[in-house]
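Worksheet: the structure to be examined is printed underneath.
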Amino acid sequence: MKTYLAMYEIRYAEEVKIVIDKLPLKKKRQIKDAIERIAKCPETGKRLTHELKGLLSYRSGTYRIIYRIYHEEVTILILTIGHRKNIYKQISRRFN
């Protein structure tokens, strides 16, 4: 696992803040902690394949955080957060 000298800046797609606001407090904390771990070590997520190539997925309980890394800008864009049951279908529809 790589060690990064600086934490990456986190940016959110518009829908992500809406999704987070709707979560119960315990899940919000869980997601926030997971995003902090991603900021410290962006490559920690699972690389996605096929039509989702270039994206990563980070597991936080039953939820998944889908994101893209921009190394040149030292930025991570959180694209969506959702339950593992339907998050991959949801994000696939957005990219097709």
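The values are calculated or read from the model by the stated rules, or taken from the named source; none is laboratory data. The shown structure was predicted, so the numbers you read here are calculated from the model rather than taken from an experiment. Glycine also receives a Cβ, built like all others from the backbone with ideal geometry; neighbour counts cover every protein chain displayed. SASA here: full protein model, heavy atoms, side chains in, ligands and nucleic acids out. Shrake-Rupley method; radii C 1.70, N 1.55, O 1.52, S 1.80 Å.
Look through Glu51, Glu9 and report the one residue that is out of contact with any Cys (no Cβ under 6 Å at 6 or more places or on another chain), acidic (Asp, Glu), farther than 19 Å from Ile91 by Cβ and open to solvent by 60 Å² or more (accessible area, probe 1.4 Å). Talk me through it step by step, then tell me what you get.
Values: Glu51 fails: farther than 19 Å from Ile91 by Cβ.
Only one candidate passes the filter, namely Glu9.
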Check your understanding: Of (1) out of contact with any strand residue (DSSP E or B) (no Cβ under 8 Å at 6 or more places or on another chain); (2) open to solvent by less than 50 Å² (accessible area, probe 1.4 Å), Arg93 satisfies all except one. Which?
Key -> (2)
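Looking at Tyr58, is it without any contact (Cβ under 8 Å) to a residue 60 or more places away in the chain, touching a Pro at 6+ places or on another chain (Cβ under 9 Å) and open to solvent by less than 40 Å² (accessible area, probe 1.4 Å)?
Values: without any contact (Cβ under 8 Å) to a residue 60 or more places away in the chain: yes; touching a Pro at 6+ places or on another chain (Cβ under 9 Å): no; open to solvent by less than 40 Å² (accessible area, probe 1.4 Å): yes.
When the stated conditions are applied, Tyr58 does not pass them.
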